[in-house]
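Structure first, commentary second.
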Amino acid sequence: MSDVSNSSIPRHTLGQRIFQFLGTMDLAITLLLSLAVASIIGTVLQQNQPYTDYLIKFGPFWFDVFETAGLYDVYSALWFLAILTLLVISTSVCLIRNTPSMLKDMWNLRTHVQEKSLQAMHHKDQWSVDSSVDVTVTTLQDELIKQGFRVKQTPKTDEILVSAMRGGMNRMGYISTHLAIVIICLGGLLDSNLPLKLAEWQGKIKIETRDLPIKDVPAESRLPVGSQAFRGSIHIPEGRSSNVAFVAMRDGYLIQELPFKLEVKEFRIEHYATGQPKSFETDLLVYDDDLKVPLATTISVNHPLIYKGYAIYQASFSDGGSELTLEAWPLEQSAGDVAVSFDTKVFDNRQMRWGEQSLKLEMLSFRPFNINPDPTEDDPNRLRNFGPSFGFKLREDTGEALEYLNYMLPVERDGREFYLSGVRSSPAEDFGYLYIPVDDEGGLEAFNHFLIQLRDNELIEKLASEMASETLMVMENQNEGLKQSLHESLTTLVTMFVRGGFIEVNDFIETVLPEAERDTLGPAYLSMLREMLARIYFSDFEDTELVEDSQLLFLQDAVDAVGSLSRYGAPVFFLLTDYVHVEASGLQVARSPGKPIVYLGCALLIAGVFLLFYLPQRRFWMIVKNKESNSMILLAGMSNRNPKEFDAFFEKTAQTLRQVSGNSRA
Amino acid sequence: MTNLAGTMIEDDSSPLSQWLWRGLMVAAGIVLLSLYSQVLDSYEIGIVVLAAVGLSFLGQNWPPFRRHTIVVAGLSFFALYLYGTDLALGQKDFLLSYILASQSAFMWMSALFVLATLTYFLGLLLRSEFTEKVASALTWSATTMGMVGLMVRWRESYLISPDVGHIPVSNLYEVFILFAVITALLYLFYERRYQTRSLGSFVLLVISAAVAFQLWYAFEKGAHEIQPLVPALQSYWMKIHVPANFVGYGAFAMAAMIGTAYLLKSWRQIAAPNGLIASRLPPLTVMDDLMYKAIALGFAFFTVATILGALWAAEAWGGYWSWDPKETWALIVWLNYAAWLHMRMTKGWHGRPMAWWAVIGLFVTLFAFLGVNMFLSGLHSYGTL
Ligand code: HEM
């Protein structure tokens, strides 16, 4: 509804002009579309991620610019709220301005129309019948009432005007939809974090960004029990309880105190036969002074608990500090010769010392199952359980860390079994895997023994000397100098291999050997190294004639594993030997006092939209007058919707009215 | 028949047949409820009642829809009868494996939709009413096969295992079929209402595109496999939220295609007033009206669907509105069409600008429907490509 009619009034006060501007359609549409565009920004840029992620992604300059523009949390940015507020104001102004006339239009049957204006209408019909005016009016009026019209008679000097209307509620549709927008926005505002932001600006609360134990979080970062809206989350390990929730704000959090205590008795995941998760459930106990006995209940996804206006949802799950027993198998000399067993827990940190080296072991995660696509099948939908796994980091004093993921059970590859350990230096990378071959006993003894042999200089000297002699014997060469240099090359090769794997050996070949000899000597060196490694491995076998294929394969796998140790970066391999799985249920606790208001708005919106589109307002007028003992009838009609449908409707109604009044068209 | 004056059929079915239809639906509802009263919870009872009321309402002035419903029900029950309790029969039984098992029914649906599209184009080119009637019949059969496929798939999911069973509106593959079927039904409704078949080639084009995508998705990604529901989707809200959404998407898609036809005609009318386009397509005012009707219908259902989504979110995610990308894009679509409707209803805009806007609206809708799943991550993270 534009304001053409008002423009004839010469002067407006500034206030009136602003009021008018706020109610214009152009502003409304501009606001609707700007809201749409602003929303797009928030979906393209992932919201509420850790600030360090943004910093890495955008660099320091743009990080600052985007932060100032509030782009990491668009939907509670000031400018976004400003658009919403303007929309609410603009809609309210529209409502205030239009409601009176709409209400009038809803009831008013328009009894002041003139015959002239009926004649000018697009839909009209005219006929005469040979009964009296009174009878005709009554008949026609009854028919219209039967069709659901409200009617009113207005006697005039020598004629009667009948005004009729159906679908007046259409106007209610306008009021209802627009009121709904205002109500929904206000309800939503109640549930938003705007009050928290205001409190923050006033300095009443301060966002905590440090990782502190709950009891150490200062009072200024705590929100007392109250009626305000919030949405917080909390992870509670099985058997533990909590009476607070964490409310995430920008790059930190606030602590919301709860008027009750939640205890997680048990968290459960059920699985389908295929291995996908079927349900996440928590057995919950609610302790409250108002309760004689604690409230025991089970919540699951889609089935929250509503208690005292607080809604408690199953949102996620995590490890609750599972107890793990690990064996540290030495991979480097500094770690000794035997495996050391110790107990730890997920989320525990401890300083480990291996000779000179000191590393912090940070236990990150534990999973009792790993249901992944089976690499031995072509179909990616075929899943297999790879058993328990645990993740950890080894951090140097400089702060740098490598992340590891170890599987408890051996994994089969090409018919042989391996212990699997993944390593990576940043979460952005995929894991690279170390495959350690499992021996006949199903353990790591054989591999460890091989490692010890590889570090046994005496043994290596002896074997190198033997091999050098044998080689020269085959070549029928007795040169003592040549033998010595071959011996040295062999020990150097083994030392290099143990220290730096195939990479170092290759580097040696590429850099030290003259280019001309590289092609012939390179492969020769490698096969000599392999021969040496085999001799080392078999050195304490009683009878090397009876070596089985499986032993050869084990040797090959062990050599591959040793060859990649330099890239593995850890002085030990942690083998999980036992665990007690402790889970933590991830709960979301929310209070939204605005919810009933928003739902009321939603109901109004739906009702309003259907009224607007599907209840056309239809008006009919009839002027019936006496003409030579006959009655002359002039019928006219209009509708505010669906002109095409009204064409047909008018036609049909006119036909019916003619019939009941005793005149059917020729 | 091409009705150039653009008059409409209001209702032409006899009161007797209307009452019979309503009676049948009520009876079907009652039989269903009494047979399964033990296993249905109150929400499911509500959904059965809603379905019975909805179907009797839809069919009361739409005789072809009554036939469609009866055929779909008949074929679906027949398929269930053939299946019994043995899913493996889907591969072995002749009728099932070639026609009625969901995957076969979907293949028939796809073929028939493509054929219908071509036939509508042929009808337009040949100016042949008969050909267009054939195209309508093909569209009805495609819709029937799609609907039967959905019904049978529903049962198949329970045959896999009772805990896997769910209504087939839970992933992108299934909703693409729903989209094709709903868009076709909407079109068929208006085709009859407005007595014009010449828009079929345009609307069916979108459906064929959806079918092509769905086939690619099945063959390339194995998406047709029935997967069990993740816990977040195990909710009765899904049964109404998703179909309501797809009435919206379908109606918006139809509006965009009518918009395309409008633009073509408004251009050809001047360039070649007696040409095929100018003479065969309905008058501009009719298309303008249809476009408005479709958007209004879509908007109404989309409003309902979004609100249902909010109600569901309040139960599953701990808040009725989380600014999740899918949610936000639903809002964007909604705002876009709200602006369109304001322009049309209060500023009286019509014709080419509105047709363009309706076409652009399809891309906004498409992004909300597909783009979000492809490019953005969020809570709606099932149904990724
Ligand atoms: C954001 C959601 C909004 C929705 C869904 C909405 C919906 C509608 C609809 C469907 C109509 C058609 C009513 C009719 O023609 O009878 C309408 C009319 C109108 N709207 Fe809105 N509207 C919204 C916001 C606004 C805002 C913010 C304004 C304020 C400037 C506004 C101003 C108007 C006006 C002036 C009319 C004309 C009423 C008439 O003369 O019939 N609308 N609105």
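The values are calculated or read from the model by the stated rules, or taken from the named source; none is laboratory data. Because the structure is predicted, anything quoted here is derived from the model rather than measured. Methodologically, a virtual Cβ is constructed for each residue, glycine included, from the backbone with ideal geometry; neighbour enumeration extends over all protein chains shown. Protein only, heavy atoms only, side chains kept; ligands, DNA and RNA dropped before computing areas. Shrake-Rupley method; radii C 1.70, N 1.55, O 1.52, S 1.80 Å.
Report the convex hull volume per residue for region A:497-583, counting only C-alpha atoms, in Å³. Please list the in-between numbers first.
Working: hull volume 14.3 nm³, N = 87.
Looking at region A:497-583, the number lands at 165 Å³ per residue.
Taking a sphere under 12 Å around the Cβ of A:Q333 and counting the other residues whose Cβ falls inside, with K and R at +1 and D and E at -1, yields a net charge of -2.
What residues qualify as long-range amide H neighbours of A:V572, i.e. H under 5 Å apart, gap of 5 or more or another chain, H built at 1.01 Å from N? Those qualifying (amide H under 5 Å, at least 5 residues apart or on another chain) are A:L331.
Rg and Dmax of region B:172-283, both derived from C-alpha coordinates alone, stand at 17.7, 59 Å. Assuming R0 = 56 Å, what is the FRET efficiency of A:N385 and A:E517, from their Cβ-Cβ distance, to the nearest 0.05? The value I calculate is 0.60.
Based on the inverse mean of 1/r over its pairs of different Cα atoms, what is the Kirkwood hydrodynamic radius of region A:352-431, in Å?
On the way: mean 1/r = 0.0694 Å⁻¹.
The Cα-based Kirkwood calculation yields 14.4 Å.
Principal-axis analysis of the Cα atoms of chain B puts helix B:352-366 at an angle of about 20° to the longest axis.
For the segment A:219-227, counting C-beta atoms of other chains within 10 Å of every residue's C-beta and taking the mean gives 0. 3J(HN,Hα) along region A:294-307, derived from phi through the Karplus expression 6.51 cos²θ - 1.76 cosθ + 1.60 where θ = phi - 60°, amounts to x, 7, 9, 7, 10, 10, 8, 4, 6, 9, x, 9, 10, 9 Hz, with x in place of Gly and Pro. Taking the longest Cα principal axis of chain A as reference, the axis of helix A:457-474 is set at about 70 degrees.
Counts of other chain beta carbons within 10 angstrom of each beta carbon in peptide A:598-606 average 3. With K and R counted +1 and D and E -1, the other residues having a Cβ less than 15 Å from that of A:L402 yield a net charge of -3. For chain A, the relative contact order comes to 21 percent (Cα pairs under 8 Å, sequence separation of at least 6). Quick one: Cα centre-to-centre distance for region A:131-192 and region B:331-373, in angstrom? Centre-to-centre (Cα) distance: 31 Å.
Using a 1.4 angstrom probe on heavy atoms only, work out the carbon and sulfur share of the accessible area of chain A in %. Walk me through the numbers before you get to the answer.
Working: 19030 of 34380 Å².
Roughly 55 percent, rounded to a whole number.
Average projected area of the Cα convex hull of region B:85-131, in nm²? Numbers along the way, then the final one.
Numbers: hull surface 15.7 nm².
Reported value for the Cα convex hull: 3.9 nm².
Here the relative contact order of region B:230-360, from alpha carbon pairs under 8 Å that lie six or more residues apart, stands at 36 percent.
In what sequence, largest accessible area first, do A:Y579, A:Y407 appear using a 1.4 Å probe? Present the calculation step by step, with values, prior to reporting the outcome.
Details: A:Y579 80, A:Y407 20 Å².
Descending accessible area places them as A:Y579, A:Y407.
Over 23 Å between C-alpha atoms is what I'm after, so list which of A:K124/A:K627; B:K293/B:K326; A:K261/A:K308 land there. Can you show the working numbers first?
On the way: A:K124/A:K627 19 Å; B:K293/B:K326 26 Å; A:K261/A:K308 13 Å.
Table pairs above 23 Å Cα-Cα are B:K293/B:K326.
Using the Cβ-Cβ distance between B:F130 and B:Y43 with R0 set to 41 Å, the FRET efficiency from 1/(1 + (r/R0)^6) comes to roughly 0.30.
Tell me, what is a quarter of the convex hull surface for the C-alpha atoms of chain B, in nm² with one decimal?
19.7 nm²
Under 37 °C and 0.692 mPa s, how fast does region B:14-160 diffuse according to Stokes-Einstein, given a Kirkwood radius computed over C-alpha pairs? Answer in µm²/s, whole number.
Answer from the Stokes-Einstein relation: 193 µm²/s.
Applying a DSSP loop filter and a limit of 13 other Cβ atoms within 10 Å to the trypsin sites (Lys or Arg not before Pro) in region B:101-171 leaves B:R127.
Annotation note: chymotrypsin sites (Phe, Trp or Tyr not before Pro) in region A:454-563 located in DSSP loop regions with a Cβ neighbour count of at most 14 within 10 Å are A:F541.
Its Cα gyration tensor gives region A:374-485 an equivalent ellipsoid; the semi-axes, largest first and in whole Å, are 41, 21, 14. Excluding ligands, DNA and RNA, the accessible surface per residue across chain A is 52 Å² with a 1.4 Å probe.
Using a/c under 1.5 as the rounded threshold, could you call region A:220-315 rounded, prolate or oblate? The axes a ≥ b ≥ c are square roots of the C-alpha gyration tensor eigenvalues, and prolate needs a/b larger than b/c, oblate otherwise.
Numbers: a/c = 2.21, a/b = 1.41, b/c = 1.57.
Since a/c reaches 1.5 but b/c is at least a/b, the shape of region A:220-315 is classed as oblate.
Projected onto planes of every orientation and averaged, the convex hull of the alpha-carbon atoms in region B:238-385 covers 9.7 nm².
With θ taken as phi - 60° and the Karplus curve 6.51 cos²θ - 1.76 cosθ + 1.60 applied, the whole-hertz 3J(HN,Hα) list for region A:327-344 is 10, 9, 8, x, 10, 10, 4, 4, 8, x, 10, 10, 6, 10, 9, 7, 9, 8 Hz, x standing for glycine and proline. As a length-normalised measure over Cα pairs under 8 Å and 6 or more apart, the relative contact order of region A:451-573 settles at 33 percent.
Taking all protein chains together and rolling a 1.4 Å probe, A:Y435 ends up with roughly 60 Å² accessible.
The contact between chain A and chain B removes approximately 4700 Å² from the accessible area (both sides summed; 1.4 Å probe; ligands, DNA and RNA excluded).
Please compute the net charge surrounding B:Y83, taking Lys and Arg as +1 and Asp and Glu as -1 over other residues with Cβ under 12 Å from its Cβ. Counting the neighbours of B:Y83, the net charge comes to 0.
By how many nm would the segment from A:N457 to A:V44 lengthen if fully extended, with 0.36 nm per residue of separation less the alpha-carbon distance? Show your work: numbers first, answer last.
Numbers: separation 413, 0.36 × 413 = 148.68 nm, distance 6.10 nm.
Extra length available between A:N457 and A:V44 comes to 142.6 nm.
If a/c stays under 1.5 just call it rounded; otherwise compare a/b with b/c (prolate if a/b is bigger, oblate if not). Do that for the protein assembly as shown, with a ≥ b ≥ c from the square roots of the Cα gyration tensor eigenvalues. Because a/c hits 1.5 or more and a/b exceeds b/c, the protein assembly as shown counts as prolate. Using the alpha-carbon atoms, what tilt in degrees (0 to 90, nearest 10) does helix A:515-538 show relative to the longest principal axis of chain A? That helix lies at roughly 80 degrees to the long axis.
In peptide B:309-315, how many Cβ atoms from other protein chains are near each Cβ within 10 Å, on average? Show your work: numbers first, answer last.
Working: counts 0, 5, 2, 1, 0, 8, 6.
Mean inter-chain Cβ contacts per residue within 10 Å come to 3.
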